[in-house]
Amino acid sequence: MLAADGARQKKTRLWRILAPEDPRVEEAGRVLRDGGLVAFPTETVYGLGANGLDEKAVAGIYAAKGRPADNPLILHVISLAAAKALTRHWDSRAQKAAEKFWPGPLTMVLPAAPRIPSIVTAGLDTVAIRVPADPVAQALIGAAGVPVAAPSANLSGRPSPTRALHVLEDMDGRIDVILDGGPCAVGLESTILDLSVTPPAVLRPGAVTLRELRRLLGPVGGEADEATVGPGPGAASSAAPPKAPGMKYRHYAPLAPATLLLGEPAAIAAAAARLLASPPGSLPKTAFLLSQETWLLLGDAASATAKKAGHYCLRLGRRDRPAEMAALLYEALRACDRAGAAQIFIEGCNPRGRGVAVLNRLRKAVGGKIWHL
Ligand code: TXA
Ligand code: MG
């Protein structure tokens, strides 16, 4: 409820949901229908939902997040038919992609139906639509009975939330309800596929890869190409202006300045060891987010020294299993903030499969600060 003085102080309720049949999901659906704000789990990240056909409710999302008005939102629905009804044209490419990847971590950008409020699309003539796979998300959208506009449920610029506690960290007092459905399985935002252009183009890499999309649809453009993105001196960050408006903002960023480390585990272990060998007191509290491989090379003694000196070390899994790193990444970035790290060093992963999306987010989290080792 808005206080009489206009202060944005809400009483945020946190509800643990163990099954989609929980009656509080129904209640949260009512909150959405009545113009309220409900954060909910999806298989990618937590979303901050409002009735996507209610301009005032959608305006509440921008206010709660501190989100720039030129950054459009994704509409979440529970069926292909409901998605189709939000578009002006639905072609065979959309049909194929929907049949193959929905429900799931794919967002499609399509020509928008006239009834969609322009606050959702930020004035564009296209709309982003997704059918999430998470059963709690589906139950909530079903209960709301309307398309649910939902960006990631973080304050603008912060890492997306992959746990209900992350939502609470950013949104307490700003929204009505948080549905806690446990950690998100994927941990990175959905792949965004622009189908309003020919050939279609990936605007944001995610768990559905460019390779999978090309196999299904033929030529698909993308900023991130598995052949060109990756560790090593040849890997340049893309200079092309982003077509998803949100991709131009600094994103996914922890509070402490971060540096991405690209190179072989031996080189990264050596760099970490050099930092740790700094004279006592000269290295500010530092967080190291390293692969299993690098961790083993660094050795127990080095990590014990690091811990003793008050630094913070986390293992994010094997370099050839980027899905594990994806699921842990945002929690790890927020953990660095909670630990009070003054600087963060993060090792990249292999640029294969989901690794493309992980590296895309890492590049944004570090704001371009990369050491090629
Ligand atoms: O996995 C996800 O996609 C999560 C969950 C909650 O579904 N949502 C999410 O929303 O990541 P958000 O708002 O954080 O990111 C949506 C991105 C933004 O970069 C935005 O600019 C882009 O989608 N977008 C939205 N509508 C668009 C449109 N019509 N054309 C191009 N890009 C669009
Ligand atoms: Mg976001």
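The values are calculated or read from the model by the stated rules, or taken from the named source; none is laboratory data. The structure displayed is predicted, hence computed values, not measured ones. Virtual Cβ from ideal backbone geometry, glycine too; neighbours counted across all protein chains shown. Calculation scope for accessible area: heavy atoms of the full protein, side chains included, ligands and nucleic acids excluded. Shrake-Rupley method; radii C 1.70, N 1.55, O 1.52, S 1.80 Å.
Numbers below:
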quantity: Top-ranked residue of the stretch 159-176 - restricted to ones that are among the charged types (D, E, K, R) and in a helix (DSSP H, G or I), ranked as nearest to ligand 2 (Cβ to nearest atom); calculated: ASP170
quantity: SER156, sole failed condition from (1) more than 11 Å from ligand 1 (Cβ to nearest atom); (2) more than 26 Å from THR209 (Cβ to Cβ); (3) in a loop (DSSP other than H, G, I, E, B); calculated: (1)
quantity: Matching option when the condition is under 30 Å from ALA323 (Cβ atoms) and away from ligand 2 (no atom under 14 Å from the Cβ), among ASP134, ASP125; calculated: ASP134
quantity: Strands (runs of 3 or more DSSP E) contained in the stretch 249-354 and holding at least 1 residues surrounded by fewer than 20 Cβ atoms within 10 Å (Cβ to Cβ) and in contact (Cβ under 8 Å) with a residue 40 or more places away in the chain; calculated: 258-262, 343-347
quantity: Residue match in the stretch 204-220 (condition: within 16 Å of ligand 2 (Cβ to nearest atom), at pLDDT below 95, open to solvent by less than 20 Å² (accessible area, probe 1.4 Å) and not charged (D, E, K, R)); calculated: no
quantity: Subset tally (residues that are within 13 Å of ligand 1 (Cβ to nearest atom) and open to solvent by less than 50 Å² (accessible area, probe 1.4 Å)) for the stretch 85-96; calculated: 2
quantity: Scope the stretch 43-60; condition within 9 Å of ligand 1 (Cβ to nearest atom) and in contact with a Leu (Cβ under 9 Å, 6 or more places away or on another chain); matching residues; calculated: THR44, VAL45, TYR46, LEU48, GLY49
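Yes/no per residue for (1) within 13 Å of ligand 1 (Cβ to nearest atom); (2) modelled with pLDDT under 95; (3) touching an Asp or Glu at 6+ places or on another chain (Cβ under 9 Å):
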residue	(1), (2), (3)
ASP22	no, no, no
GLU27	no, no, no
PRO41	yes, no, yes
ALA63	no, no, no
ASP70	yes, yes, no
ALA98	no, no, no
TRP102	yes, no, no
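For every residue, the table says whether it meets (1) over 23 Å from PRO117 (Cα atoms); (2) open to solvent by less than 10 Å² (accessible area, probe 1.4 Å); (3) within 16 Å of ligand 2 (Cβ to nearest atom); (4) free of Cβ contacts under 8 Å to residues at least 12 places away in the same chain.
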residue: TRP15; (1), (2), (3), (4): yes, no, no, no
residue: LEU18; (1), (2), (3), (4): yes, no, no, yes
residue: PRO23; (1), (2), (3), (4): yes, no, no, yes
residue: GLU43; (1), (2), (3), (4): yes, no, yes, no
residue: ALA59; (1), (2), (3), (4): no, no, no, no
residue: PRO68; (1), (2), (3), (4): no, no, yes, no
residue: PRO72; (1), (2), (3), (4): no, no, yes, no
residue: ALA83; (1), (2), (3), (4): no, yes, no, no
